[in-house]
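Everything on this sheet refers to the single structure shown next.
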Amino acid sequence: TGSGATAVAELAPPKRLPGVSTIWQQRQLYAGAENSPKTIWGSAVGRFNNFNTSAIITSSDTYEFDLETEQSWRIRHLLPTRVGLMVMSAGGVWLMPGGNQLAVTPTNAFAEPQSAVGVAQVRPFLIDSDILYLTEKERSVRLLSYNDFSKVFGGQDVSILSSHLFTINNSVVRWTFQEAPYRMLWAARADGTFLMCTISKEHNIFGWTPGATRGYVRDFVTVTEGVCDVTYLTVE
């Protein structure tokens, strides 16, 4: 302002802000913006704050991709795995391959559909080489396992024998995984009660048990203390 001087300020619209981020293949990734629900942004290699584009595109430059889907499901989760990046939304699960010494670049990228069962807002877990997630519609728990022969993730419902514990009106709202020593999943439900699940895929054991305490369980956190994991509950 003033005579002979001007100032221009540009404010980024809030709807452009991403809803999820992760680090994969030495890049900072963002996705799930409100006005770009299917878009994934990747930074330059090794430069997590650099999203500038150059005149001559190289394999280490930034990239921006959109999932090829008929519906604009918003990306909710990005989960790096040994065979690529899992991209999850309420409409399904996709895999951006990146294993076997291959990398996603501005000129080399594609997303393969893995499952049409959508993922809820609750964060999924990577257990060994498998992925455990809560479904969007049925509110059941599914385990995705990678098949080295078919090169695709296959899913199974690990809550089918305890379906009475998973209802739309009393769904899981928070959970955490305690790897050692019990390989226990703790899940808080909307009514303040909680579920515990012992997971042993090798023996095909997925044992669900309901639990309650004085007050309402709202959240969990698992902290590594020494050589064990300890789970703490937030209780109202």
Hits in region 118-142 (condition: of a type outside the set (Asp, Glu), over 12 Å from the mean Cα position of the chain (by Cα) and open to solvent by 50 Å² or more (accessible area, probe 1.4 Å)): Ser129, Lys137, Arg139
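For region 214-235, what are the residues that are in a strand (DSSP E or B), among the hydroxyl-bearing types (Ser, Thr, Tyr) and open to solvent by 70 Å² or more (accessible area, probe 1.4 Å)?
Thr224, Tyr232, Thr234
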Conditions (1) over 18 Å from Lys201 (Cβ atoms); (2) over 18 Å from the mean Cα position of the chain (by Cα); (3) modelled with pLDDT of 85 or more; (4) among the β-branched types (Val, Ile, Thr); number of the one not met by Val93: (2)
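For region 176-184, indicate whether the set of residues that are within 30 Å of Ala111 (Cα to Cα) and either modelled with pLDDT of 90 or more or not small (Gly, Ala, Ser) (or both) is non-empty. Full working, then the answer.
Of region 176-184, the ones within 30 Å of Ala111 (Cα to Cα) are 176-177.
Then keep just the ones that are either modelled with pLDDT of 90 or more or not small (Gly, Ala, Ser) (or both); that gives 176-177.
Yes - at least one qualifying residue is present in region 176-184.
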Residue count, region 187-207 (criterion: surrounded by 14 or more Cβ atoms within 10 Å (Cβ to Cβ) and over 24 Å from Asn170 (Cβ atoms)): 1
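In this structure, is Ser150 small (Gly, Ala, Ser) and under 30 Å from Thr231 (Cα atoms)?
no
If the requirement is being assigned to a loop (DSSP other than H, G, I, E, B), surrounded by fewer than 16 Cβ atoms within 10 Å (Cβ to Cβ) and in contact (Cβ under 8 Å) with a residue 24 or more places away in the chain, which of these qualifies: Ser59, Ser54?
So the residue among Ser59, Ser54 that is assigned to a loop (DSSP other than H, G, I, E, B), surrounded by fewer than 16 Cβ atoms within 10 Å (Cβ to Cβ) and in contact (Cβ under 8 Å) with a residue 24 or more places away in the chain is Ser59.
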Qualifying position, being among the aliphatic types (A, V, I, L, M), over 16 Å from Gly84 (Cα atoms) and modelled with pLDDT under 90, among Ala44, Ala5, Ala33: Ala5
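The values are calculated or read from the model by the stated rules, or taken from the named source; none is laboratory data. Since we're looking at a predicted model, the values are computed, not measured. Note: ideal-geometry Cβ built from the backbone for every residue, glycine included; neighbour counts use all protein chains shown. Surface areas here come from the heavy atoms of the whole protein model, side chains and all, with no ligands, DNA or RNA. Shrake-Rupley method; radii C 1.70, N 1.55, O 1.52, S 1.80 Å.
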